[in-house]
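Beneath this line is the structure, given in structure tokens, with notes to follow.
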Amino acid sequence: MDEEINWLALEEKFDKQLTPGQRAEIRRVALPDDLAELPAYYHLLPAGVEPGKQWQRVIFILPWVKQKKGAPPIGEQFKRAGIDERRMFQMLRSNEPQDLLCLRRLFRQADDVSADWEYFGPSLYYWNKVNKRRFVEDYYSTSQVSK
């Protein structure tokens, strides 16, 4: 499915086609499921796709992560931003949707994290323990390099 998804267009649509009020509504949702009650969520969905949990995960995190081609791994950026390892493990050990709330908190705390959506988008779309663990592994790979 991700071969068909234009992740960059999704991020661009969020930035350029939604009104500031619609972007704010998406940022304010408490849980990914709450997106189903917002028209802006449906405006962001690519044509012909079924709304669902995968898209809710992606769009729940979308406002907090800017596109940057070739951006360093997310875990590495969290480490450099001073995110405590306990927060990383809290996200790793939590079940959905709590893990996504933890991830969103990490992005908000780190403040200026960017991602290459061509790689990051599928990680959220196919969210699972392996993808969560990859963030933690990247976090520790950075600590080994910086010592």
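Since every read-out is calculated from the coordinates, none of them should be taken as a lab result. Being a predicted model, the structure only gives us computed values, none of them experimental. Counting neighbours? That spans all protein chains shown, and the Cβs are built from the backbone with ideal geometry, glycine included.
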Inset, instruction - Report the calculated FRET efficiency for Arg133 and Ala47 (r = Cβ-Cβ distance, R0 = 41 Å), to the nearest 0.05. - result: 0.80
Inset, instruction - Grab the DSSP H runs of the chain that are 4 residues or longer, score each as -39,500 (n - 2.57), total them, divide by all residues and round the 222 nm result to the nearest 500 deg cm²/dmol. - result: -18000 deg cm²/dmol
Legend entry - Karplus (6.51, -1.76, 1.60) ³J(HN,Hα), θ = phi - 60°, over the stretch 75-86, in Hz, Gly and Pro reported as x: x, 4, 5, 4, 4, 5, 7, x, 5, 6, 4, 4
Legend entry - Anchor Lys53: lysines whose Cα lies under 20 Å away (excluding residues fewer than 8 positions away in-chain): Lys13, Lys129, Lys132
Inset, instruction - Could you calculate the contour length gain from Lys13 to Glu118, that is, 0.36 nm times the residue separation minus the distance between their Cα atoms, to one decimal place in nm? - result: 36.3 nm
Legend entry - Calculated FRET efficiency for the pair Ser141/Arg28, C-beta based, R₀ 25 Å, to 0.05: 0.15
Inset, instruction - Quick one: plug the Kirkwood hydrodynamic radius of the stretch 9-139 (C-alpha pairs) into Stokes-Einstein at 10 °C, 1.306 mPa s, and report D in µm²/s. - result: 107 µm²/s
